[in-house]
1. With no solvent and one point on each alpha carbon, what is the Debye value of log10 I(q)/I(0) for the stretch 59-181 at q = 0.10, 0.18, 0.22, 0.23 Å⁻¹?
2. Considering only the other residues whose Cβ falls under 12 Å of the Cβ of T73, what net charge follows from Lys and Arg at +1 and Asp and Glu at -1?
3. If each residue's Cβ is checked for other Cβ atoms within 10 Å, how do L117, L58 rank with the fewest at the top?
4. Going by C-beta contacts inside 10 Å, put R218, R90 in order with the fewest on the left.
5. What does the charge count around V54 come to, taking other residues whose C-beta lies under 15 Å from its C-beta (Lys +1, Arg +1, Asp -1, Glu -1)?
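What follows draws every value from the coordinates through simple rules; no lab data is involved. Because the structure is a prediction, the values reported are computed rather than measured. Quick reminder, even Gly has a Cβ in these numbers, built from the backbone with ideal geometry, and neighbours come from all protein chains shown.
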Amino acid sequence: MESRKGQVGIIILLIVVVMSTIGISVVSRSSTDVSISQSSEDANRVLDAAESGVEKALSDTHALDPSIPGQVTGSINSINNIAVNYTVDRLFTTDTVLDEGSSVGIDLTGAINGDALNIYWSKEQNCTQNPASLIITIYNKVGSAVTYRKSYLAACAQNHSGDGFTSITANGGATGFLRFDQLALQTGDVFARIRSIYNQTELSITGAGWTLPVQQFRIVSIAQGTVGTQTKEVQVDRGLPTAPAVFDYALYSGTGISN
């Protein structure tokens, strides 16, 4: 009888140990799940705050004024337990992706004879991948006289036959671009529009022999939780406002647009 009582005691003890282990595991897992859920919620709140910093920068006319030199900084102080700081830098180059048929504007204010544009485009490896070609329109104003001229750059001759496009064979070298061309500018050039045809393309524009005016703004917003360790960063590049691409098909008169 005493032996059976001892066996029952051992069994009960084992059951208690197993149940205690299961209970501790459930409590630990629940605690971990709550911690993960809280961490995820904090991360989302901090990310939302960082995006709010970008939105504030985009609405800040002072920060996006190209005539103001240097970096502009700002902050948001109205978000509980989250510090938000943003910077707006001026970029004197254009780096973008153009969809087929879309265009980008380039400010040429201050250009003189001897200045030029370095134009890099297409990250395709060869002509079998149908790289984009470019149509470039440059507007010039000297006194009251407004003129424009066009350049037609073909990435691959196979896409063009007797249509006036110039076949470009130079590549971008270490930049990784398939094609490169240097376009001469003239005194009085004020604006250029570059359109991609036949395909979308990555595009990079820099000044050659001069520094371009401000072309883009780089906004970097960093949000950091004052409680916890969550930090999020959001970067946005904003170009200068330009007329819609449909105006490529209109006559640039200098004082107004007419059909």
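1. After summing over all Cα pairs, the log10 values are -0.51, -1.09, -1.34, -1.39.
2. That sum, taken over residues with Cβ under 12 Å, equals -1.
3. In increasing order of surrounding Cβ atoms, one gets L58, L117.
4. Working: R218 14, R90 18.
Starting with the residue having the fewest Cβ neighbours, the order is R218, R90.
5. In short, -3.
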